[in-house]
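The values are calculated or read from the model by the stated rules, or taken from the named source; none is laboratory data. No experiment lies behind these values; they were computed from the predicted model shown. All Cβ positions, glycine included, derive from the backbone under ideal geometry; neighbour counts span all protein chains shown.
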Amino acid sequence: MFRMWHRPLVVFGSLMVLLIPVALVGLLVDDRTVVNSPIWLKPMKFAVSLALYSFTLAWLLTYLKRFQRVGWWAGTVLAAAGAIEMVVIVGQVIRGRRSHFNFETPLDTTLFSIMGSTIVVLWVTHAIIAILLWRTDIENKALSWSIRLGLVISFLGLGVGFLMTSPKPGQALDGDTLGSHTVGAPDGGAYMALTGWSTEHGDLRVGHFVGMHALQVLPVVIALLGARATTKIAWVTSASFLGIFLLVTWQALRGQSLVQPDGTTLLALAGIVVATALGLVWAREPKKELVSA
């Protein structure tokens, strides 16, 4: 089965899997930190995320019935862009430097500019693959719509990364740092153990992560439901996931930590939960009436 998957994406995903134990060892034996965070935490998180992402796309591209050549090239360019991104991230770890938002030296500036270019390429190629798969007819309609909508939400999630690169209050255009993950404070404050997300202020990485991995969550939900999955359920679960993605992104933009929601955030979350419940009631297939003999 794996022989049918997009090979460059499989190779890239496999390299990311191999990087995970390397990063874990780095976390155990290397006590260096960057912006108050263990220096190997970023490559580990990126490796896990990109492994899931690349293997998922490698599988999805097997569904293409038309424009397979275009899909192959889009996947190949995406894998190459991701590989360049990771080379820079790991290279900066080896140098003991910050990879993102770093303008301290001409080399750091060049490397971050390269990363910015690769993210644009990855975003565009993701859009191409999304368009191709949107036009592809998959026999399982519920799965088909979960893939289509998952690709759209993932596209939006990837786009959150661009919000991080905009200058934040107090940052000079000619300074050493331009852009940040955190909203409402500089990067480097208190953070969650595994994710590294801020526990005190808004963090755009939450929406970036949630949105990007709609591509895995939504098809898995439909697969777990099996014969009970319908097109309506695919739409309801996708709309619910989109609501959560928009909520955590909005929360971050307001400078609010994921773990310190205010009343407005909780009210919006309650609205999403209620809307999802009502949607699932609507999506239930009506029982067929028994016809008496």
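The residue that is surrounded by the fewest Cβ atoms within 10 Å (Cβ to Cβ), counting only those in the range 152-166 that are of a type in the set (S, T, Y) and more than 9 Å from the chain's Cα centre (by Cα), is S166.
Considering only residues in the range 211-234 that are farther than 14 Å from N140 by Cα and surrounded by fewer than 22 Cβ atoms within 10 Å (Cβ to Cβ), the one that is nearest to the chain's Cα centre (by Cα) turns out to be H213. Test A127 against the stated conditions and say whether it is surrounded by fewer than 18 Cβ atoms within 10 Å (Cβ to Cβ) and either assigned to a helix (DSSP H, G or I) or in contact with a His (Cβ under 8 Å, 6 or more places away or on another chain) (or both). The answer is yes for A127. Considering the conditions (1) outside the structural domain of F55 (by TED's automatic domain parsing); (2) within 29 Å of G91 (Cβ to Cβ); (3) exposed (fewer than 14 other Cβ atoms within 10 Å of the Cβ); (4) not β-branched (V, I, T), S113 is excluded by exactly one of them, (1).
Working only within the range 66-122, note down all residues that are assigned to a loop (DSSP other than H, G, I, E, B) and more than 20 Å from A23 (Cα to Cα). Talk me through it step by step, then tell me what you get.
Of the range 66-122, the ones assigned to a loop (DSSP other than H, G, I, E, B) are 66-67, 96-101, 103-105.
Once the filter is applied, which keeps residues that are assigned to a loop (DSSP other than H, G, I, E, B) and more than 20 Å from A23 (Cα to Cα), the range 66-122 yields R66, F67, F101, F103, E104, T105.
Give all pairs with beta carbons closer than 7 Å in which a residue from the range 31-46 that is at positive phi meets a residue that is of a type outside the set (S, T, N, Q) and surrounded by fewer than 18 Cβ atoms within 10 Å (Cβ to Cβ); count only pairs at least 6 apart in sequence or on separate chains. The qualifying pairs are V35/G188; N36/G188.
Evaluate the following for I138: is it surrounded by fewer than 20 Cβ atoms within 10 Å (Cβ to Cβ) and touching a residue at least 24 places away in the same chain (Cβ under 8 Å)? Considered against the rule, which asks whether it is surrounded by fewer than 20 Cβ atoms within 10 Å (Cβ to Cβ) and touching a residue at least 24 places away in the same chain (Cβ under 8 Å), I138 comes out as yes.
For L19, are the conditions met, namely being in the same structural domain as L122 (by TED's automatic domain parsing), in contact with a Pro (Cβ under 7 Å, 6 or more places away or on another chain), touching a residue at least 60 places away in the same chain (Cβ under 8 Å) and part of a helix (DSSP H, G or I)? Spell out the reasoning first.
Values: in the same structural domain as L122 (by TED's automatic domain parsing): yes; in contact with a Pro (Cβ under 7 Å, 6 or more places away or on another chain): yes; touching a residue at least 60 places away in the same chain (Cβ under 8 Å): yes; part of a helix (DSSP H, G or I): yes.
The answer is yes for L19.
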